[in-house]
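Heads up: the structure comes next, in structure tokens.
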Amino acid sequence: MGESAILNGVKHILIDEAQDLSLLQHRIILTMFPKAKYTLLLDTNQAINPEINSVSVEKLSELYNTKKRTISFEVFPPKKRDYPADQAIAQEEFDHTIRVVEELVDLKPSFISVTYGASGGSTDENTCKISSHIESLGGTALAHLTCISSSRDKIADEINALRSNKIENILCLRGDLPRDVNADSKPHDFTHAVDLIKALRPSGFCLGGACYPEGHPESVHLRDDIRHLKEKVDAGLDFLTTQMFFDNNILYSYLAKIRSFGINVPVVAGIMPVINAKQIKRICSLTGTTLPPRFRAIVDRFGEKSLSMASAGIAYATEQIIDLIANGVDNIHIYTMNRPEIARAIMENIGGIIAD
Ligand code: FAD
């Protein structure tokens, strides 16, 4: 552990990249100093220029090289509807998503990411169409791409579509097989995200990947998950985006850990403003995300009241973002759940910080 200092009554522990603290050591520090903040020496450079970068760039790697603060959003496309009778509904849902995207672009985020086949749904074509619309509005798009259910030919088609729509950024993911799909019946071209990254690296796209501050649910030990993360980064990732987390100390501890493994690409902190208690309980049980007691109390108290939950969820996410920025984590990704009014409220709350 490096130096430590007490600022504003909070113990700040400085950690340099070479140090490899075990999870146990982190737990001991947090037990001794429950309010300890890990100030990551590696991340202090990012705080030098605090302006948000909303200028449209083609590749996100160029944006991260500027070391400017970034605030980005995530949207999900509507599910594809297979029955001809449902096509009018499908069009309505698509048009609604386009309106969501237009409102989000108005907020001038650094970029907008568009999910792909999340939860096994087939939304694939819409990911490219919506990403393309973001670019046509002068924004920058990050198209997600999952590989677990895809053949090499299917991935090649996706890449061609993204390239012809001038999309430069791809979040490379394994994805999850839908529960009702037999693993033997799917193509076996890609097993893990690293296989997709290796296949895409020569293509010249800017590539991101996912990481999990609390460990991926399939990994028994966080250390193994980080070892696999290192393989992904070494295969050619330009940046990482985290799974949502509700306790910033978990992220600070994770950042120290992955830096000590030699993972030095920018890490974008994924923040989920919770406005629906049922939904968050389901997501947490699927992803293994911890609800800290302070936040659990909010969900338990306000979960049944949509207005109260929305106010409290926005306030909690705002506080998380301010704490992250205060601690040198300058790349923030907001899971908007296609609710531009939530993104707008958070942007207004942190407006002074962005403008400073
Ligand atoms: P991987 O990196 O392949 O890891 C999956 C598991 O396998 C981990 O436990 C890892 O430790 C292990 N592993 C990795 N490599 C190896 C190896 N070589 N040998 C053995 N084990 C290995 N899902 C969607 O369907 N659509 C989306 O748009 C989407 N967007 C997401 C965005 C973010 C920021 C995040 C965090 C997740 C997103 N997901 C999305 C969910 C994601 O697809 C799932 O979490 C999935 O279970 C894992 O994907 P991955 O790319 O992290 O997989």
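For Lys59 and Thr191, the FRET efficiency from 1/(1 + (r/R0)^6), where r spans their Cβ atoms and R0 equals 41 Å, is about 0.90.
Phi-derived couplings, Karplus 6.51 cos²θ - 1.76 cosθ + 1.60 at θ = phi - 60°, listed residue by residue for segment 139-152: x, 10, 10, 10, 8, 6, 8, 9, 10, 4, 9, 10, 8, 4 Hz, with x used for Gly and Pro.
Between Glu341 and Ser136, the simple spin-label model (points 7 angstrom out along Cα→Cβ) gives 2.8 nm. Other residues within the sphere of radius under 9 Å centred on the Cβ of Lys154, judged by their own Cβ, net out at -4 (K and R +1, D and E -1).
Here the Karplus curve 6.51 cos²θ - 1.76 cosθ + 1.60, taken at θ = phi - 60°, turns the phi angles of segment 58-65 into couplings of 7, 9, 5, 4, 5, 4, 5, 5 Hz, with x standing for Gly and Pro. Modelled spin labels at Ser308 and Asp356, positioned 7 Å past Cα toward Cβ, are 3.2 nm from each other.
Between the beta carbons of Ile89 and Asn182, assuming R0 = 25 Å, the FRET efficiency works out to 0.30 to the nearest 0.05.
Taken along the Cα-to-beta-carbon direction at a fixed 7 Å, the label points for Ser164 and Arg223 span 5.0 nm. Is segment 53-189 rounded, prolate or oblate when judged by the Cα gyration tensor, a ≥ b ≥ c being the square roots of its eigenvalues, rounded requiring a/c under 1.5 and prolate requiring a/b larger than b/c? The shape class here is oblate. For Lys154, a cut-off of 18 angstrom between C-alpha atoms picks up these aspartates and glutamates, skipping any fewer than 8 places away in its own chain: Asp124, Glu125, Asp176, Asp184, Asp189, Asp195. Once backbone amide H atoms are built at 1.01 Å from N, Lys80 has Ser122, Thr123 as its partners under 5 Å, excluding neighbours fewer than 5 places away on the same chain. Residues of segment 224-245 with an amide N closer than 11 Å to a point placed 7 Å from the Cα of Thr287 along the Cα-to-Cβ direction: 242-245. So, R0 is 25 Å and r is the distance between the beta-carbons of Glu102 and Asp300; what FRET efficiency does that work out to, to 0.05? Calculated transfer efficiency: 0.10.
Each value in this text was obtained by applying a stated rule to the coordinates, not by laboratory testing. Because the structure is predicted, anything quoted here is derived from the model rather than measured. Cβ coordinates were reconstructed from backbone atoms using ideal geometry, including for glycine residues, and neighbour counts include every protein chain displayed.
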